[in-house]
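S.K.: Sending over a structure as structure tokens; questions will come in a sec.
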């Protein structure tokens, strides 16, 4: 019975809330684990579910030594599920009034310097080959526009306005935003798209996605992460991944004097609070730059 309610909830998130496939998978995984735990302790109906069972699940997660961030995410998923059930009169009250989310320490993202980004991307300029040009264009867009890896993977040609140098990005919750891109990204895209066209003609294929693999198919999120990691390791930047480039985009904009509201809009954050993490990153970045460059602060 509870599993049937889960299916209804996932349909609601998909069709009414327009959540992405990855978000739906995350909700499904968290809630299925919760339901299987309830079945294990003999709870098969919502009518027999009490606050003590929710607390025991929280204790179960802690005994398993799950990270606070993981527990917080699972609690958030289950809370959303119970709000849905309460709204549709499946339960009489929201049981999560009895549970609290563990406090999380805000981690400041590790951000490469502008010089490190420049060295990382220019490293790919040496060869005029399909994969080199594709990867360079990909990194120019990732860093130049601050896109999420899912947004890069799903980027299509008709989303790009080459004349005005803007991209219409479809982000979380299928919300659309407009992000500009610069001259270097435009040059990299134009070079790559010529070889992309040749590849598709050779393979006799027609596909609208921008970034493709050697088979002429859409480059997946997993593929983008692999490519980024591979190239980053070559440049001695093992911590760099697609989301790091997004952090770098926001941080470097802030360093250049961009206001938080503009950065929020370009990142597609629904709340300014989420964007404010970059004010802390900005301080860390400036401190790092100072200690590295100032003659009275250099380590001997």
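Laboratory data are not the source of any read-out in this text; all were calculated from the coordinates shown. These figures come from a predicted structure and were not determined experimentally. As a convention, Cβ positions derive from the backbone with ideal geometry for all residues, glycine included, and neighbour counts pool all protein chains shown.
S.K.: Of (1) outside any helix (DSSP H, G or I); (2) touching a helix residue (DSSP H, G or I) at 6+ places or on another chain (Cβ under 9 Å); (3) surrounded by fewer than 21 Cβ atoms within 10 Å (Cβ to Cβ), residue 240 satisfies all except one. Which?
M.R.: Of (1) outside any helix (DSSP H, G or I); (2) touching a helix residue (DSSP H, G or I) at 6+ places or on another chain (Cβ under 9 Å); (3) surrounded by fewer than 21 Cβ atoms within 10 Å (Cβ to Cβ), only one is false for residue 240: (3).
S.K.: Then there is this: Can you name every residue in the stretch 203-234 that is crowded, with 18+ Cβ neighbours inside 10 Å and out of contact with any strand residue (DSSP E or B) (no Cβ under 8 Å at 6 or more places or on another chain)?
M.R.: Passing the criteria: 224, 227, 228, 231, 232.
S.K.: I need a count of the residues in the stretch 15-29 that are assigned to a helix (DSSP H, G or I) and closer than 18 Å to residue 79 by Cβ.
M.R.: Within the stretch 15-29, the first condition is being assigned to a helix (DSSP H, G or I), and the residues that meet it are 15, 21-29.
Then keep just the ones that are closer than 18 Å to residue 79 by Cβ; that gives 23-24, 26-29.
Result for the stretch 15-29: 6.
S.K.: Which of the residues that make up the stretch 156-194 are assigned to a strand (DSSP E or B), in contact (Cβ under 8 Å) with a residue 12 or more places away in the chain and under 15 Å from residue 146 (Cβ atoms)?
M.R.: Going residue by residue through the stretch 156-194, those that are assigned to a strand (DSSP E or B) are 156, 160-161, 166-170, 176-180.
Adding the requirement that they be in contact (Cβ under 8 Å) with a residue 12 or more places away in the chain leaves 156, 160, 166-167, 169-170, 177-180.
If the condition is that a residue be assigned to a strand (DSSP E or B), in contact (Cβ under 8 Å) with a residue 12 or more places away in the chain and under 15 Å from residue 146 (Cβ atoms), then 166, 167, 169, 170, 177, 178, 179, 180 are the ones that fit.
S.K.: Got a number for residues in the stretch 130-150 being out of contact with any helix residue (DSSP H, G or I) (no Cβ under 8 Å at 6 or more places or on another chain) and in contact (Cβ under 8 Å) with a residue 60 or more places away in the chain? Show your work before the answer.
M.R.: Our first condition is that a residue be out of contact with any helix residue (DSSP H, G or I) (no Cβ under 8 Å at 6 or more places or on another chain); within the stretch 130-150, this holds for 131-132.
Then keep just the ones that are in contact (Cβ under 8 Å) with a residue 60 or more places away in the chain; that gives 131.
Looking only at that region, the number is 1.
S.K.: A further question follows. With 6, 10, 38 as the choices, which residue is more than 28 Å from the chain's Cα centre (by Cα) and surrounded by 15 or more Cβ atoms within 10 Å (Cβ to Cβ)?
M.R.: On the way: 6 fails: more than 28 Å from the chain's Cα centre (by Cα); 10 fails: more than 28 Å from the chain's Cα centre (by Cα).
Going through 6, 10, 38 in turn, the sole match is 38.
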